[in-house]
Every structure is written in structure tokens, then in C-alpha cells.
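Since the structure comes first, as C-alpha cells, the remarks are kept for the end.
Where a number appears in this text, it was derived from the coordinates with a stated rule and is not lab data. Because the structure is predicted, anything quoted here is derived from the model rather than measured. Quick reminder, even Gly has a Cβ in these numbers, built from the backbone with ideal geometry, and neighbours come from all protein chains shown.
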């Protein structure tokens, strides 16, 4: 439905453009040989171990890394699978190798996307009166149901499409988040892991740098967690004179071979106590 699509097309176009730039940057900086060598070392694999995992000879791996051999599409795919690379990194390595992705059946591709969009819309709408949204790997908002849009307004999020920036950097959302210290610590650690998965993603590294450079974020990272660590991280917002407490469930599209789909996260917010549940139910009436 149209109401579930909060930001959609413009964000996707911006993200696609950023991915193209990051791939070109990776190609200019290291080329395929450096790209492959960096990822093998990142996974702490020897050339022999990678050769066995990818079913490619160790001699060929050596030749690929020193530039004496040129990779084929099938060998890049095999290597990316053996290295457990995210789809976006696989695509960047293909580009670094000067290999174009094979043309797909556009009708089947569009039909699959339409089916995914319809399913996402169904989940988002079915989750009302509780917030649900889709975000990309950098937590840029893509779609949001009515409950999520009302929740964002209630906590002060207006105009910022990146949820990490809205939550962690100065602004009304941060001001209304009662347990900001623990949330900031937990969410930044989570995003650091995502950024580690995509070292050639310029946008991811830039966002991580911007978050780390904030004085409050930098300070909280040096402070130890006080008290007992809760089994589930909740976000506690001051809203309408009460403390609204929520936790999240996150789902992804399984076995995606396209970077844009691989990056989609479906995040649902659920009330962490009875008072919060009652607040959401009142908003939904």
C-alpha cells in the first residue's frame, strides 16, 4: 500500500548511486588482486584453504592474487561464496575484476520484486497497531506502517531518514530516549559488525565514522556497562508522560542473490510491558 511506503524510491536511488561509487572506489584503490587478497586475509584463510573451499587450485589462487591470471565470472562467484562475502561485496569484486553481471530475465526479476513488495506491505500492515518498517543495511528507512509513522512523530523523529543518526546523534529522539547510553553502546556495536562485513562500502564506513566522531557517542564507548546486562535490549522513550518501552525483531530475505534485496531488514517493534502495549493500542483506535 502507498501508506506503508515512507521514503522508498528516492532513498533507493541514492543508495544505488552510493553503491556504484563505492564499487568504483574499490576498483580504483586495489583492483581485483588486492580485493581478493584483502578478503582472504580478513577471513584468516591461507591460499590452500581458500582453494579447497572454492574448488580452485592453489596455483590459480596465487596467480589471481599476483595478477598473472584474470578471473572469470564463475571463479569470482565461487571465491565470494567460499569467503562468505555479502552480496554487495561480491558485486564490488566482480566490478573490480571488470566483469559485468549476466543479463537476467527482466520479467521474472520484476515479478519477484513485486511479490516481495506485496509481502512486505502485508507484514507491515498486519503489524498495526505496533510499529513495523523496512530499512537497508545502513538503517536508512525504506517503508513504514501507520503505527511506525505515528511512533516516529511521538518520539520526535521528523525529517531524518537514517535511524542510527536519529537515535544516536543530537536531536529530539536522543533527548526522549531515557536509556540512551546503553542503546547507543549496543546499536553502535551492532553497526560496527555490519560495517566490518562490507569494508568496501564507502557509505557504511562514512556513517560509522560520523557516529564515532560524536562526542557523546565517543564517551559512552569508553564507559563500562553499569549493573546487570538485560537479556534483551529495550528502548525506553519518554512519551505522553509515560515511559514507552519497546524491543525489536528483525527479519531478512533468505538466500537473496541481489545486493539491494540482501540489504533489506524488516524490523518490527513490540511493547516490552503492559503500559506500552496499552499506549500503542490506544493510538490504533
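Residues that are farther than 30 Å from residue 80 by Cβ, touching a helix residue (DSSP H, G or I) at 6+ places or on another chain (Cβ under 8 Å) and in a loop (DSSP other than H, G, I, E, B) do occur in the range 209-221. Of the residues making up the range 142-162, those that are touching a strand residue (DSSP E or B) at 6+ places or on another chain (Cβ under 6 Å) and either free of Cβ contacts under 8 Å to residues at least 12 places away in the same chain or under 21 Å from residue 214 (Cβ atoms) (or both) number 3.
Just one of the numbered conditions (1) touching a residue at least 12 places away in the same chain (Cβ under 8 Å); (2) surrounded by fewer than 20 Cβ atoms within 10 Å (Cβ to Cβ) is not true of residue 112: (1). All conditions in (1) without any contact (Cβ under 8 Å) to a residue 60 or more places away in the chain; (2) part of a loop (DSSP other than H, G, I, E, B); (3) farther than 24 Å from residue 154 by Cβ; (4) touching a helix residue (DSSP H, G or I) at 6+ places or on another chain (Cβ under 9 Å) hold for residue 189, with the sole exception of (2). A count restricted to the range 227-285 and to residues that are closer than 30 Å to residue 92 by Cβ and part of a helix (DSSP H, G or I) stands at 4.
Taken over the range 139-171, residues that are closer than 19 Å to residue 268 by Cβ and assigned to a loop (DSSP other than H, G, I, E, B) amount to 4.
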